[in-house]
Amino acid sequence: MAKSVGNVIDPQKIIEKFGSEALRFWAAIEGNIIKQDLRCSEERIAAESKTLNKLWNISKFVSSFKAGGRAKLCEADKLMIAHMDSLIKFADKEYSGYNFFEPAVKVRHFLWEIFASHYLELVKGRAYNGEGKFSKEEQAGAIFTLNYCLEKMLLLLAPIVPAITEKIFSDIYDKNVHEQEFPKVGKSEKAGSAGRGAKAKIESLLAVNSFVWKTKREKQLSLKAPLKEIVLPKEHENLHGLVEDLKAAHSAEKISFSSAKEIQIRF
């Protein structure tokens, strides 16, 4: 980028168009100190503006549920708590060394690729529990985990995007995010055995969800279209504890496991 070439990006115009928070988040995402050059374009900054919009929309969704009551954590909840606690440990270590790049990248990935795209879709039915398929304790478990992950994400992102995290945190929790202690790990103890092998289970969950959604789209069906059965191969047998949530998420009557090598869907 050089003024003589005419490809300079005026930061004031960027702030006017996308806001200062999007520029801050882009700087953190691109700020790998081992790289000599940073890639800067309106498209890349716009992408981080979308990330902050996603955070805002997720926050509105989570805050629509009233937390409280005795909570029973299902396997999916325990997986998310274990994953979030691993993020807290990582961010604590990296922030201590003034490394904001890697925590920003990891939290962004969790926000988009795991929490929003998969966990929310997986437990939405349990959180609403409109048909009463889940117990009140299981419903409360989903709501607790949604709030737990959102609160911790806001705390982790507060040093990078202070304005939007303060607005969301104060609206939902009636507290100043910048007066809170850095999040501590502890809830993962409740995860129990679900916390062990969490990475492999999450990878299986993402693979199954993506396959089912892709199959429905290819058949021009609604993602809520009912299924008779989803048959999972041996490589995904680590999802036994998520069967009820998977059935609700994909409107499946039955989920079974077999020695087959591929996922099978019966309509």
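The values are calculated or read from the model by the stated rules, or taken from the named source; none is laboratory data. Treat the numbers as computed from the prediction; the structure is a model and nothing was measured. Cβ: placed from backbone, ideal geometry, glycine included. Neighbour counts: every protein chain shown.
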Criterion first (within 22 Å of the chain's Cα centre (by Cα), more than 26 Å from Lys72 (Cα to Cα), modelled with pLDDT of 95 or more and not hydrophobic (A, V, I, L, M, F, W, C)) does Lys214 satisfy it? yes
Examine the stretch 6-16 for a residue that is at pLDDT 75 or above, surrounded by fewer than 12 Cβ atoms within 10 Å (Cβ to Cβ) and within 17 Å of Thr145 (Cβ to Cβ), and state whether such a residue exists. no
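In the stretch 110-141, how many are acidic (Asp, Glu) and crowded, with 19+ Cβ neighbours inside 10 Å? Can you show your working first?
Restricting attention to the stretch 110-141, the residues satisfying the condition of being acidic (Asp, Glu) are 113, 121, 131, 137-138.
From the residues that got through so far, the ones that are crowded, with 19+ Cβ neighbours inside 10 Å too are 138.
Qualifying residue count, the stretch 110-141: 1.
In the stretch 241-251, how many residues are among the hydrophobic types (A, V, I, L, M, F, W, C) and surrounded by fewer than 19 Cβ atoms within 10 Å (Cβ to Cβ)? Break it down into steps so the answer makes sense when it comes.
Here is the first cut: in the stretch 241-251, the ones among the hydrophobic types (A, V, I, L, M, F, W, C) are 242-243, 246, 248-249.
Those left that are additionally surrounded by fewer than 19 Cβ atoms within 10 Å (Cβ to Cβ): 243.
Qualifying residue count, the stretch 241-251: 1.
Lys184: surrounded by fewer than 11 Cβ atoms within 10 Å (Cβ to Cβ), of a type in the set (D, E, K, R) and modelled with pLDDT under 95, yes or no?
On the way: surrounded by fewer than 11 Cβ atoms within 10 Å (Cβ to Cβ): no; of a type in the set (D, E, K, R): yes; modelled with pLDDT under 95: yes.
No, not satisfied.
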Only unsatisfied item for His178, checking (1) at pLDDT 95 or above; (2) under 27 Å from Glu21 (Cα atoms); (3) touching a Leu at 6+ places or on another chain (Cβ under 6 Å), is (3)
